[in-house]
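Here's the structure we're looking at; comments come further down.
Readers should treat all values here as calculations from the given coordinates under stated rules, not as data from a laboratory. Here the structure is a predicted model, which is why all the values come from computation and not from measurement. Positions of Cβ are generated from backbone atoms using ideal geometry, with glycine treated the same way; all protein chains shown enter the neighbour counts.
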Amino acid sequence: MASGTRPGSALALVLLGLLPGCSSPSAQPAPPAHPQPAGSVTPITVDSTEEQIRQAVGTARVGRKLTPRTWPNGARVAVCLSFDVDNELLQRANPLPVPLSVGEYGATTSVPRILDLLDRHQVPATFFIPAMGVMLHPEMVPAIVARHRHEIGVHGWIHEFWPGIGDAAKEQRLLTQSIDYLTKASGKRPAGVRAPGSGFSPQTFDLIRKAGFLYDSSLLAADEPYEIVSNGQPSGVIELPISEVDNDYVYYGETANGSLPSPDAVFEIYKAEFDLAFQERTMFILTQHPHVGGRRSRIVQLDRLITYIKSKREVWFATMEQVAQYVKQAGS
Ligand SMILES: [Zn+2]
């Protein structure tokens with residue numbers, strides 16, 4: 001949670017979906033880690049029956065693990081660089097010039113800087129972008145698409161917090177609008193989705209499945225790809241799970257106004273995370289927010305991390321869609 005934010009007001013902001021960094025539950029104050037609007041879900045209590053508890057946790061669970069025997073070209077690990085391009089839309093509660101400028105930096109400076117970095121390393125990435133972020137910065141998507149190696153995924157309409165909507169039909173409309181907007185802007189229907197603020201309402205998974213997404217990347221239940229099981233049934237939707245540890249937001253905060261902890265220390269954490277993924281032959285997904293991680297002292301460390309990962313050689317850099325397609329094919 002950002003310094004200077006009082007816990008009470010922070011909780012109110014979280015309920016509005018305004019405070020959290022994009023996909024990190026840890027950016028939200030704890031407890032509760034995943035606040036839900038009152039009445040939208042039935043709490044688990046000491047009086048709940050076993051069946052009620054099973055039902056309460058059953059919406060999106062870990063099914064078949066999908067790490068293949070081998071990754072393409074004999075690689076030991078798949079590496080996905082993902083960017084949640086939230087920019088100004090994290091400042092919806094306070095759309096004044098100065099807080100907005102913190103997010104605007106992500107579009108004016110960080111995204112071009114990130115694209116240049118990816119060009120230098122010749123590696124792909126996945127960009128999850130709220131539709132109205134595309135509207136505010138129409139130059140971003142063409143710049144990403146022009147590289148011919150990156151992917152664009154759904155990240156809400158205005159980075160709204162889906163559990164806060166409280167209306168399945170409205171949530172569905174927003175998801176459809178978001179898909180349509182990105183499809184039109186990028187020329188390709190998005191294959192993947194990442195819930196803004198890691199917010200899944202009780203209906204969200206069903207909406208994602210019905211929308212035909214190949215994969216979701218919002219959950220945190222494993223370090224490797226898996227098939228989501230919903231209410232006991234394999235869903236066919238692949239989860240590429242994220243980790244709060246591999247997320248810039250939890251280290252640098254929402255206002256991007258400081259570099260402590262040291263970016264050197266953050267690099268060491270990411271490196272250790274990658275090293276074990278390499279050893280375990282699974283997958284490493286890094287989640288960055290351009291307006292946060294694209295700051296100068298921080299992107300230097302991202303450059304260093306990519307250089308380190310490339311030095312290991314038996315690595316497959318891929319978009320998340322490529323990973324999902326590969327594990328789906330290998331697991332079928
Ligand atoms: Zn986000």
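Phi angles of segment 168-173 translate, via the Karplus equation with coefficients 6.51, -1.76, 1.60 and θ = phi - 60°, into HN-Hα couplings of 4, 5, 5, 4, 5, 4 Hz per residue; Gly and Pro are given as x. For the chain, modelled as a Gaussian network with Cα springs under 10 Å, which listed residue fluctuates most, N247, N73, N94? Maximum among the listed residues: N73. Charge dipole (Cα centre; +1 on Lys/Arg Cβ, -1 on Asp/Glu Cβ; no other charges) of the chain amounts to roughly 760 debye.
Taking every DSSP bridge with both residues inside segment 167-303, close to 45 percent are antiparallel.
Across all C-alpha atoms in segment 197-332, the radius of gyration and Dmax reach 16.4, 47 Å. Global dimensions of the chain from alpha-carbon coordinates: Rg and Dmax equal 18.8, 58 Å.
Go ahead and estimate [θ] at 222 nm for the chain from helices alone: -39,500 (n - 2.57) per DSSP H run with n ≥ 4, summed, over the residue count, rounded to 500. Before the final figure, lay out each step's value.
On the way: 13 runs with 128 residues, N = 332.
Theoretical 222 nm ellipticity from helices: -11500 deg cm²/dmol.
Just to be sure I understand: of the beta bridges DSSP finds with both ends in the chain, what percent are antiparallel, rounded to 5?
Numbers: 7 of 29 bridges.
Around 25 percent of the beta bridges assigned by DSSP in the chain are antiparallel ones.
Taking every C-alpha pair closer than 8 Å and separated by at least 6 residues, the mean separation divided by the residue count of the chain gives a relative contact order of 28 percent.
Shown in residue order for segment 263-278 are the 3J(HN,Hα) couplings computed by the Karplus curve 6.51 cos²θ - 1.76 cosθ + 1.60 at θ = phi - 60°: x, 4, 5, 5, 4, 4, 5, 4, 4, 5, 5, 5, 4, 6, 4, 4 Hz (x for Gly and Pro). Near the amide H of Y226, within less than 5 Å, lie the amide hydrogens of L66, E239, all on another chain or at least 5 residues away, with H placed in the peptide plane. In this structure, the pairs whose alpha-carbon distance is over 26 Å, taken from K271/K328; K184/K210; K210/K310; K170/K210; K65/K184; K188/K271, are K271/K328; K210/K310; K65/K184; K188/K271. Summarising the label geometry, the points placed 7 Å from Cα in the beta-carbon direction at I44 and K184 lie 4.3 nm from one another.
Of all the options A131, A107, A185, the one that moves most in a Gaussian network model of the chain with Cα springs shorter than 10 angstrom is A185.
Whole-Hz Karplus values for segment 186-195 come out as 9, x, 8, 6, x, 8, x, 9, 10, 5 Hz, taken residue by residue from phi with 6.51 cos²θ - 1.76 cosθ + 1.60 and θ = phi - 60°; glycine and proline positions read x. Once backbone amide H atoms are built at 1.01 Å from N, I152 has F127 as its partners under 5 Å, excluding neighbours fewer than 5 places away on the same chain. Electrostatic bookkeeping for G63 treats Lys and Arg as +1 and Asp and Glu as -1; over the other residues with beta carbon under 14 Å from its beta carbon, the sum is +1. Packing-based ranking of 43-50, 145-152, 238-245, 289-296 yields 289-296, 238-245, 145-152, 43-50, ordered from highest to lowest mean Cβ neighbour count within 10 Å. For F317, the residues whose amide H sits under 5 Å from its own are V79, ignoring neighbours fewer than 5 places away on the same chain, with H placed 1.01 Å from N.
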